[in-house]
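The values are calculated or read from the model by the stated rules, or taken from the named source; none is laboratory data. Worth saying up front: this structure is predicted, and the values here are computed from it rather than measured. Cβ sites come from the backbone with ideal geometry, for glycine too, and all protein chains shown count toward neighbours. All accessible areas refer to the heavy atoms of the entire protein, side chains included, with ligands and DNA or RNA removed. Shrake-Rupley method; radii C 1.70, N 1.55, O 1.52, S 1.80 Å.
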Amino acid sequence: MCTSVQPLEWTDNLNNQNFDGILLVTENHDTLPAELESLKAPLQDYSAVDSGLGEEVVVLKVPDLPGNRLVFASTGPVNRDYDDVRRYGDAAFNGMQRALKAGMQRPLLVVPPNKDYKNNLLVAALGALQALYMPLEVRETKVKPADWKVCVLGLWASKGPEGRKLVELAEALESGRLVCRDIGGSDPERMAAPRVAEYVQELFNNSPVQVEVVSDLAVLEKEYPCLAAVNRCANSVPRHQGRVIKLQYCGEGPVTKTLMLVGKGITYDTGGADIKAGGIMAGMHRDKCGAAAVAGFFQILAKLKPQHLKVIGAMAMVRNSVGAECYVADELVVSRAGHRVRVGNTDAEGRMVMVDLLCEMKEKAVNETSPQLFTIATLTGHAIRAMGPNYSIIMDNGPAHRNDNAAQWQKAGEVIGDLFEVSMIRREDYEFHKGKSEYEDILQSNNLPSSATPRGHQTPAAFLIMASGLDKHGVDSDRPLPYSHVDIAGSSGPFPGIPTGAPIIAMTANYILPYHDV
């Protein structure tokens with residue numbers, strides 16, 4: 001297994017002949033700074049015969065440039081009300097795809113600075129790296145192993161210290177996204193739960209990240225009964241048996257902040273007894289991107305080694321299978337917190353596999369320094385219906401809301417191109433999940449898809465709070481515990497296509513970079 005990232009180099013020399021072409025990403029060729037003056041004339045000549053320059057990616061033959069060629073990928077305007085730094089990432093992605101078609105193997109990415117977007121080069125580099133990702137299955141099955149689509153990606157930076165820091169940070173972020181894509185994007189057999197555990201154990205061998213894998217069925221049933229209910233059907237197939245993967249990182253120095261992450265890792269979601277019909281089951285191997293993001297974030301921790309930060313993670317790796325042993329609607333399952341949960345829809349399995357792990361995090365959190373709890377999941381179709389694709393949604397409980405946690409995530413994502421919308425958990429969401437009879441304390445779900453349910457992405461957060469016992473740690477308690485739920489159903493990436501790695505870039509910007517001199 002190769003998890004090394006695309007090799008990166010920086011240079012301050014635009015004419016460095018170690019590269020075989022330049023990929024220029026900017027708003028307008030007429031506004032290039034003086035140090036890029038040599039790129040302006042050929043683009044002006046081209047615009048004299050093609051007024052559409054800037055509307056699509058073009059390749060020009062330019063003597064004396066590296067490889068005698070220039071790929072120009074315009075961002076278009078970046079100063080309108082609705083523009084953001086993603087313009088640079090999108091343009092770099094499209095430009096890199098064109099550079100690959102042109103046969104470049106050592107492209108040099110050039111992005112002039114912009115006073116309004118101080119991270120535009122980093123965001124562009126990540127966009128280019130997204131285009132250069134090679135799926136794990138492809139890397140593993142090549143007759144002649146080649147782990148990268150190009151030999152090296154160059155980054156142009158006018159200052160040496162800036163270039164070195166940029167490469168260090170881009171490599172770390174991309175290494176986390178690579179792990180996230182490998183786990184989240186690989187097919188249901190390559191990344192069945194036992195093989196995810198093997199991947200993670202190998203990945204973090206001899207690293208600052210500690211790994212523990214829970215596979216014993218008796219332990220799963222005792223400690224995580226809601227997860228075990230979902231696992232019951234898949235457990236009859238050894239290669240599909242569930243796993244809980246626990247991760248821990250503790251940076252040097254006194255701990256000042258503790259993050260506690262639970263990721264949904266449904267390796268394949270048939271919907272269970274409430275089976276997904278009508279062709280909508282395709283792509284359900286991507287229902288593990290929440291757990292994949294947890295693993296990816298730990299990879300970035302292992303690379304950057306931030307001080308004073310402790311992170312505890314749990315990946316709930318389970319297949320939601322259908323068959324004689326599957327859990328069904330109407331079942332009563334007693335959660336780890338001791339609540340009787342009535343199953344309303346077996347396709348609401350994500351909250352089930354996470355809730356007992358969230359309860360366990362809650363139990364540990366009372367003894368941790370400045371804890372912050374999270375669940376991360378491709379949880380609801382309603383998230384896409386409410387906010388559209390491409391956006392993560394974050395929502396806080398009372399203590400987290402008082403700390404402005406969601407707003408901080410949104411701000412961090414804004415400057416680095418990993419965007420969030422903020423939702424609120426309201427009283428109606430708690431009412432929705434209250435038991436409807438004497439039999440149950442909590443209703444897991446109604447009988448409709450989330451996309452057909454009012455407040456369909458907010459109510460699951462209330463369920464997780466209630467069924468885990470976190471409602472006893474609200475603003476009215478002696479020990480308030482900040483908790484946020486992150487729904488990445490819209491932002492995890494298209495299918496068919498490559499996962500984005502959301503939301504680990506925003507997580508890094510919010511929690512690691514303040515502890516790391518990059």
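For (1) closer than 20 Å to C289 by Cβ; (2) buried (at least 22 other Cβ atoms within 10 Å of the Cβ), each residue gets a yes or a no:
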site	(1), (2)
V355	yes, yes
M387	yes, no
N403	no, no
E428	no, no
E431	no, no
E438	no, no
S450	yes, yes
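Per the conditions (1) open to solvent by 10 Å² or more (accessible area, probe 1.4 Å); (2) assigned to a loop (DSSP other than H, G, I, E, B); (3) in contact (Cβ under 8 Å) with a residue 12 or more places away in the chain; (4) farther than 18 Å from L259 by Cβ, the sole criterion not satisfied by M466 is (2).
Of the conditions (1) over 30 Å from L23 (Cα atoms); (2) touching a helix residue (DSSP H, G or I) at 6+ places or on another chain (Cβ under 7 Å); (3) of a type in the set (G, A, S); (4) open to solvent by 10 Å² or more (accessible area, probe 1.4 Å), S158 fails just one. Which one is it? Of the numbered conditions (1) over 30 Å from L23 (Cα atoms); (2) touching a helix residue (DSSP H, G or I) at 6+ places or on another chain (Cβ under 7 Å); (3) of a type in the set (G, A, S); (4) open to solvent by 10 Å² or more (accessible area, probe 1.4 Å), the odd one out for S158 is (1).
Of the candidates E360, E349, E368, E325, the single residue that is acidic (D, E), over 23 Å from G474 (Cα atoms) and in contact with a strand residue (DSSP E or B) (Cβ under 8 Å, 6 or more places away or on another chain) is E349.
Note on the stretch 32-57: residues that are open to solvent by 30 Å² or more (accessible area, probe 1.4 Å), outside any loop (DSSP other than H, G, I, E, B) and touching a residue at least 40 places away in the same chain (Cβ under 8 Å) amount to 1.
Being touching a helix residue (DSSP H, G or I) at 6+ places or on another chain (Cβ under 7 Å), basic (K, R) and either at pLDDT below 95 or open to solvent by 30 Å² or more (accessible area, probe 1.4 Å) (or both) is a description that does not apply to K142. On the basis of being touching a Pro at 6+ places or on another chain (Cβ under 9 Å), at pLDDT 95 or above and not hydroxyl-bearing (S, T, Y), does N446 make the cut? It is false that N446 is touching a Pro at 6+ places or on another chain (Cβ under 9 Å), at pLDDT 95 or above and not hydroxyl-bearing (S, T, Y). A search for C-beta distances below 7 Å between a residue of the stretch 390-406 that is within 17 Å of I465 (Cα to Cα) and any residue that is open to solvent by 50 Å² or more (accessible area, probe 1.4 Å) and in a loop (DSSP other than H, G, I, E, B), counting only pairs 6+ apart in sequence or on different chains, returns G398/V475; P399/V475; P399/P480; R402/V475. So, V78, is that one modelled with pLDDT of 95 or more, of a type in the set (A, V, I, L, M, F, W, C), open to solvent by less than 40 Å² (accessible area, probe 1.4 Å) and in contact with an Asp or Glu (Cβ under 8 Å, 6 or more places away or on another chain) or not? The answer is yes for V78.
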